[in-house]
Amino acid sequence: MAASIALILLAVAVYGFVHSLLATFWAKARAREWIGPGADRWYRLFYNLFSIVTLLPVLALPAVLPDAPLYTIPPPWVYLSTAGQLLAVAMLAVGVMQTGVWRFLGLQQVLEPGKVEPPRLVTGGLYRYMRHPLYTAGLLFIWLIPAMTVNLLALNIGLTAYLIVGALYEERKLAREFGQIYNLYRERTPMLIPGLRGRVIGRG
């Protein structure tokens, strides 16, 4: 069992490192050097597809490794956890729509490169209450899984660490990109949990 936990945590760590590395300005600059100016047009779509394909084996590990049950949420509480997961999915959809679905997926850059506007800082809607609603939705979904096992717990812990570290890293990118505008937004808006004023999961 300990080997399963270690392997799952290692897989999440490797995935998180590669995923974060590809999101850096350095990686995008290397892509321009190797491929040319057209790299910007395809980078977002490649990044999303690569992220999905490489995440699938990580998500499959809890199912194929030796495991043991921890708990199962009984009725009527399971209905609340399921409602929370549905809320998380809705938050994810709304958050993506606010930032622009086709741009987020990378399809607009490929199909309509001339119509791609410069990046803009979204501060309304869900982003009025938290700076990273997509990460919040992800955390809400995984921790409301009604049937928890040892492997799933290890996966959840790894993904939680990855999402928090990823949010902190994204903060640096956004501050570099938008400067004082983002710093002011960060001062008045919690990072992940609305109303929470903490260093890591509050204001950051």
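The values are calculated or read from the model by the stated rules, or taken from the named source; none is laboratory data. This one's a predicted model, so the numbers in the text were calculated from it and none came from an experiment. All Cβ positions, glycine included, derive from the backbone under ideal geometry; neighbour counts span all protein chains shown.
Just to be sure before I move on: is Ala60 free of Cβ contacts under 8 Å to residues at least 12 places away in the same chain, under 15 Å from the mean Cα position of the chain (by Cα) and assigned to a helix (DSSP H, G or I) in the structure I sent? For Ala60, the condition - free of Cβ contacts under 8 Å to residues at least 12 places away in the same chain, under 15 Å from the mean Cα position of the chain (by Cα) and assigned to a helix (DSSP H, G or I) - is not met.
I'd like to verify a number: residues in the stretch 9-39 that are among the β-branched types (Val, Ile, Thr) and modelled with pLDDT under 90, how many?
2
Within the stretch 163-182, the set of residues being of a type outside the set (A, V, I, L, M, F, W, C) and surrounded by 15 or more Cβ atoms within 10 Å (Cβ to Cβ) comprises Gly166, Glu170, Glu171, Tyr182.
Consider the stretch 112-146 and keep the residues that are out of contact with any helix residue (DSSP H, G or I) (no Cβ under 8 Å at 6 or more places or on another chain) and not in a loop (DSSP other than H, G, I, E, B). The one that is surrounded by the fewest Cβ atoms within 10 Å (Cβ to Cβ) is Gly114. Please determine, by comparing only the residues of the stretch 92-151 that are in contact (Cβ under 8 Å) with a residue 60 or more places away in the chain and among the β-branched types (Val, Ile, Thr), which one is farthest from Thr72 (Cα to Cα). Looking at residues that are in contact (Cβ under 8 Å) with a residue 60 or more places away in the chain and among the β-branched types (Val, Ile, Thr), I get Val110. When you check Arg44 against the structure, is it out of contact with any Ser or Thr (no Cβ under 8 Å at 6 or more places or on another chain), basic (Lys, Arg) and either part of a helix (DSSP H, G or I) or closer than 30 Å to Leu152 by Cβ (or both), yes or no? Yes: the conditions hold for Arg44. In this structure, Ala31 does not qualify as closer than 26 Å to Gly166 by Cβ, in contact (Cβ under 8 Å) with a residue 24 or more places away in the chain and either assigned to a helix (DSSP H, G or I) or among the aliphatic types (A, V, I, L, M) (or both). When you go through (1) under 24 Å from Leu174 (Cα atoms); (2) in contact (Cβ under 8 Å) with a residue 40 or more places away in the chain; (3) assigned to a helix (DSSP H, G or I) one by one for Thr82, which number turns out not to apply? Only one criterion in (1) under 24 Å from Leu174 (Cα atoms); (2) in contact (Cβ under 8 Å) with a residue 40 or more places away in the chain; (3) assigned to a helix (DSSP H, G or I) is unmet by Thr82, namely (1).
Please go through the stretch 47-77 and pick out each residue that is farther than 15 Å from Leu153 by Cα and surrounded by 10 or more Cβ atoms within 10 Å (Cβ to Cβ).
Start the filter on the stretch 47-77 by keeping residues that are farther than 15 Å from Leu153 by Cα, which leaves 47-57, 74-77.
Selection gives Tyr47, Asn48, Leu49, Phe50, Ser51, Thr54, Leu55, Pro57, Trp77.
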